[in-house]
1. Of all the stretches in the chain, which is the longest one without any exposed loop site, taking trypsin sites (Lys or Arg not before Pro) in a DSSP loop (any state but H, G, I, E, B) with at most 14 other Cβ atoms within 10 Å?
2. Cβ under 12 Å from SER144's Cβ, SER144 left aside: what net charge do those residues give with Lys, Arg +1 and Asp, Glu -1?
3. Where does the charge balance sit around GLY218 when Lys and Arg score +1, Asp and Glu -1, over other residues with C-beta under 11 Å from its C-beta?
4. Can you work out the accessible area per residue across the chain, with the rest of the protein chains kept in place, probe 1.4 Å, in square angstrom?
5. Please give the peptides 212-224, 138-150 ranked by average Cβ packing (other Cβ atoms within 10 Å per residue), highest first, as a rough proxy for protection.
6. What are the semi-axes of the equivalent ellipsoid for the chain, taken as the square roots of 5 times the Cα gyration tensor eigenvalues, largest first, in whole Å?
7. With axes computed from alpha carbons, what is the tilt in degrees of helix 279-315 against the longest principal axis of the chain, rounded to the nearest 10 within 0 to 90?
8. What full-extension length gain, to one decimal in nm, is calculated for GLN200 and ARG249 as 0.36 nm per residue of separation minus the Cα-Cα distance?
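The values are calculated or read from the model by the stated rules, or taken from the named source; none is laboratory data. Given the structure is predicted, the values throughout are model-derived calculations rather than measurements. Counting neighbours? That spans all protein chains shown, and the Cβs are built from the backbone with ideal geometry, glycine included. Heads up: the accessible areas ignore ligands, DNA and RNA and are worked out on the full protein's heavy atoms, side chains in. Shrake-Rupley method; radii C 1.70, N 1.55, O 1.52, S 1.80 Å.
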Amino acid sequence: MRARKVNDSVSPILEQILYGGSSVSMNLIAITRDIPENERMFKAQGLNNSILFKYPSFNGLDDGVGGPISGDDDLAESSGRPVETGIYVPHNARSPESGGIAIYLRGHNSDLLLEEQFGIKDGPSEAGTISDMRILQLIDEVPSLDAFLLKTCFESQKVTVDPRHWLISAEEDHQLRRLIRARIEPIVRKALSGGSGNAQSIERFLEAIWNPNLEEAGLFVSAFGIERSEADTIFSAWKGTTFYEYQLRRIAPRARLILNWLKSKDCVPIDIRMHKPYETQLLMHIERVGKLLDTTLMDIRGILADYETAFSAFMAGKPEPFREYLRTIRSRYWLLGYCVSALTSVSHLDARSMKNTPSRRLYFEGTQKLLRQFDVALDRRREQKGSF
């Protein structure tokens, strides 16, 4: 794996990093601009002048357009986490679109590149401090760069970061916690209803959602025949699944709008007659992007439908489906995280492109560019090699 120079022209991948939205990129250059150096996320200031990004790495689990990915846990786990983390370092922090280098955290020589570029090593933390490598590893444990998920991940690991890094208001944070609690509480109450579950013990179990180190977290998962050591993984994935479900409700209207647009005549450029030699190629591209979007939506629906089925069975006194769902929740969480992030990115790019075009009728070049951006956001076969 090599750190790569980015071409002078803005590549589709770089466009995704710069304009794909906060789920797929975290612009530390902008975020830390008004944060004193000694209070920034990383001790290596070069990292604070970079853009973190997420990109798909499904390693053959999916053919791109053929159909949804299997929810089988063994298959998904065999290829590891299907979303990886990269660091984009612009040559000029004031002009990130003009080019730079990319380092991938799971690249085989990433430790060497991180040391060469930023001077950081994967060694033990100094007394009373958290190493930059540890922070990068925590970020890599989350499928997307949504502020809420990163914030809760850091809190559960007792890692303190200046709250100005999390672009989320206290009100939104509170609302999301309330929604997640409301989603999980019926299951906790049902699980404890046959035992000595009183109001105080139920509250302790609900606290374990946010603090997996509590004894109750281990007790909960062990009641489903799962090792207590898996409590952190289970609760993180459970919270994340609920968060992405909430995100989906917010972006679903625009996702439906985009899908309908791709299947309509409005998607054909206004000036298509001027580009007749490329019409067939463009129509094929439209069809491909539509299939990618359909596949993403099918995967999301499948995961959420499985959750509802398992939840309903559990509430009806049949715990086996929910037990199995918890056993496989990690792989489902990562796939859902990718799918919702891709959809969020597509919605963000569409809103940006159509901001001054209420008719949704674009010219040839604009249509090509938007399709290219959609393709990059939705394509699960993207590789590190030649990305920029």
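1. With a cap of 14 other Cβ atoms within 10 Å, the longest stretch comes to 159-262.
2. -2
3. So the surrounding residues net to -4.
4. Computed with neighbouring chains in place, this is 47 Å² per residue.
5. Ranked by mean Cβ neighbours within 10 Å, highest first: 138-150, 212-224.
6. Result for the chain: semi-axes of 36, 28, 18 Å.
7. 10
8. Stretched out fully, the GLN200 to ARG249 stretch lengthens by 14.4 nm.
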